[in-house]
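The values are calculated or read from the model by the stated rules, or taken from the named source; none is laboratory data. A quick note: this is a predicted structure, and the numbers were derived from the prediction, not measured. Because the Cβ atoms are built from the backbone with ideal geometry, glycine has one as well, and the counts that use them run over all protein chains shown.
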Amino acid sequence: MPLSKDKSPYIDPDLEAGLAVMHALTGGNDLTQDLAAARLAANARDEMLLANIERPANIAQGMETASSADGHDIDMRIMQPTQAGEKKVGKKPLFYWIHGGGYVLGQAKQGDIFTLRAAQLGCYAASVEYRLAPETAYPGPLEDCYEGLKHLLDNADALGIDKTRIIIGGVSAGGGLCAGLALLIRDRGLCAPLGQLLIYPMIDDTNIEPASETLPDTPIWSRHYNLFGWRSYLGDLFGTKDIPIYAAPARAENVSGLPPTYMPVGDLDLFLDENIAYARKLTRARVPTHFHIVPGAFHGFNGFVPDAPVSRAINGEIFSYVEKLLADAD
């Protein structure tokens, strides 16, 4: 998807080949026209990206299932150190991850690259399989994330989780769900996370103007797709004045009391401006906020091209931040 002449033409050279591969893998499937085909293509892409991940023998993988208030199951993919491989004796910090996909695509296994690294730091790491839009509109996906987390905390003793050391995170729409979850946790008083990882989060439902010569489109996740994602997620709320802050966290005026935040975003990402605005809100509310703009990086760069130097740097930064949160808590 070419950039407008008004947009910087610079793409990090180490990411260019990966961008071409991503376009080839999606096969031109327009998710607004054939969502089922787009989901299949996205899942196949995930399988390819995850194929080279090797899980060490000292990391166990499993499943945990929560029963929601309305009776459906919420599955969570779990990574955690085995007893022999644990760095410390006792309960493990909880690393709770939410996958991306514009609210309409994706699967919990996308999070394996992140939950594996968290498990290697000694965490009980969970990636939640929330229901997708448009089949399930807001608040269903967010409540799945909340109820999955609540289940883990309610069963913390049996699962070996330390309820005082919780880190939540997500990427893209998962970052949006994470930001909404943090607000929901604050207002319902569920727990006090040590921090939140908002990886180029999708948080502003008003960022839906069509592309034009003066409003350039962006690689990977376009304005056309963004409109579809928000329309699907918000359902009957879309276009009304009654959008809750938990659905579109950019609408939150009071962000005080939120956990310390790490937020990276590429300067070729559609979400750049909304992420800058949210980081400013957090900073003004005295929420410790680490905000990183990555030159020449498009949406999803660190997941789609994980071996590029800039991707390795950002993924390393993410988990250096996790280590710092845990060290500060200790």
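Determine which single condition Ala250 fails, assuming it passes every other condition in (1) surrounded by 18 or more Cβ atoms within 10 Å (Cβ to Cβ); (2) touching a residue at least 40 places away in the same chain (Cβ under 8 Å); (3) over 30 Å from Gln33 (Cα atoms); (4) of a type outside the set (Val, Ile, Thr).
Going through (1) surrounded by 18 or more Cβ atoms within 10 Å (Cβ to Cβ); (2) touching a residue at least 40 places away in the same chain (Cβ under 8 Å); (3) over 30 Å from Gln33 (Cα atoms); (4) of a type outside the set (Val, Ile, Thr) one by one, Ala250 breaks only (3).
Within the stretch 99-131, track down each residue that is out of contact with any Ser or Thr (no Cβ under 9 Å at 6 or more places or on another chain) and among the aliphatic types (A, V, I, L, M).
Passing the criteria: Leu105, Ile113, Leu116, Ala118, Ala119, Leu121, Val128.
Please go through the stretch 95-145 and pick out each residue that is of a type in the set (Phe, Trp, Tyr) and under 19 Å from Ala38 (Cα atoms).
Passing the criteria: Tyr103, Tyr130.
Considering the stretch 299-330 alone, what residues qualify as being out of contact with any helix residue (DSSP H, G or I) (no Cβ under 6 Å at 6 or more places or on another chain) and aromatic (Phe, Trp, Tyr)?
Answer for the stretch 299-330, where residues must be out of contact with any helix residue (DSSP H, G or I) (no Cβ under 6 Å at 6 or more places or on another chain) and aromatic (Phe, Trp, Tyr): just Tyr321.
How many of the residues making up the stretch 89-146 are acidic (Asp, Glu), surrounded by fewer than 19 Cβ atoms within 10 Å (Cβ to Cβ) and either under 18 Å from Ala327 (Cα atoms) or in contact (Cβ under 8 Å) with a residue 40 or more places away in the chain (or both)?
Residues meeting the conditions: 0.
Please specify each residue of the stretch 315-330 satisfying the condition of being modelled with pLDDT of 95 or more and either in contact with a Cys (Cβ under 9 Å, 6 or more places away or on another chain) or surrounded by 14 or more Cβ atoms within 10 Å (Cβ to Cβ) (or both).
Asn315, Glu317, Ile318, Phe319, Tyr321, Val322, Lys324, Leu325, Leu326 - these are the residues of the stretch 315-330 that are modelled with pLDDT of 95 or more and either in contact with a Cys (Cβ under 9 Å, 6 or more places away or on another chain) or surrounded by 14 or more Cβ atoms within 10 Å (Cβ to Cβ) (or both).
Only one of these is buried (at least 23 other Cβ atoms within 10 Å of the Cβ) and of a type in the set (D, E, K, R): Asp187, Asp205, Asp162, Asp154. Name it.
Going through Asp187, Asp205, Asp162, Asp154 in turn, the sole match is Asp205.
Taking the conditions exactly as written (assigned to a loop (DSSP other than H, G, I, E, B) and more than 19 Å from the chain's Cα centre (by Cα)), does Gly235 satisfy them or not?
no
For the stretch 250-273, what are the residues that are touching a strand residue (DSSP E or B) at 6+ places or on another chain (Cβ under 9 Å) and assigned to a helix (DSSP H, G or I)?
Within the stretch 250-273, Leu272 is the sole residue that qualifies.
Residues Glu54, Glu47, Glu64: which one is outside any strand (DSSP E or B), surrounded by 10 or more Cβ atoms within 10 Å (Cβ to Cβ) and not small (Gly, Ala, Ser)?
The unique qualifying residue is Glu47.
With the checklist (1) touching a Pro at 6+ places or on another chain (Cβ under 7 Å); (2) at negative phi in hand, flag the one item Tyr200 doesn't pass.
Of everything listed in (1) touching a Pro at 6+ places or on another chain (Cβ under 7 Å); (2) at negative phi, Tyr200 misses just condition (2).
Being touching a residue at least 40 places away in the same chain (Cβ under 8 Å) and over 16 Å from Ser172 (Cβ atoms) is the filter here, so list the residues in the stretch 268-295 that pass it.
Answer for the stretch 268-295, where residues must be touching a residue at least 40 places away in the same chain (Cβ under 8 Å) and over 16 Å from Ser172 (Cβ atoms): Ala277, Pro295.
Find the residue count for the stretch 1-22, including only residues that are modelled with pLDDT of 90 or more and surrounded by 12 or more Cβ atoms within 10 Å (Cβ to Cβ).
Adding up the residues that qualify gives 5.
For the stretch 72-82, does any single residue satisfy the condition of being within 12 Å of the chain's Cα centre (by Cα) and at pLDDT 95 or above?
No; the residues of the stretch 72-82 include none that is within 12 Å of the chain's Cα centre (by Cα) and at pLDDT 95 or above.
Name the residues in the stretch 284-301 that are in a strand (DSSP E or B) and among the aliphatic types (A, V, I, L, M), would you?
Ile293, Val294
Given (1) surrounded by fewer than 18 Cβ atoms within 10 Å (Cβ to Cβ); (2) closer than 19 Å to Leu50 by Cα; (3) at pLDDT below 95, identify the lone condition not met by Arg312.
Failing condition for Arg312: (3).
Pull up the stretch 187-213, narrow it to residues that are among the hydrophobic types (A, V, I, L, M, F, W, C) and under 22 Å from Leu105 (Cβ atoms), then point me to the one that is farthest from the chain's Cα centre (by Cα).
Ala211
Of the conditions (1) closer than 18 Å to Thr136 by Cα; (2) surrounded by fewer than 21 Cβ atoms within 10 Å (Cβ to Cβ); (3) touching a residue at least 40 places away in the same chain (Cβ under 8 Å), Arg223 satisfies every one except a single condition; which number is it?
Every condition holds for Arg223 apart from (1).
Among the residues of the stretch 279-304 satisfying the criterion of being within 19 Å of Leu19 (Cα to Cα) and aromatic (Phe, Trp, Tyr), which is surrounded by the fewest Cβ atoms within 10 Å (Cβ to Cβ)?
Only one residue fits best here, namely Phe304.
Consider Leu326 carefully, then state whether it is among the aliphatic types (A, V, I, L, M) and out of contact with any Asp or Glu (no Cβ under 8 Å at 6 or more places or on another chain).
It is true that Leu326 is among the aliphatic types (A, V, I, L, M) and out of contact with any Asp or Glu (no Cβ under 8 Å at 6 or more places or on another chain).
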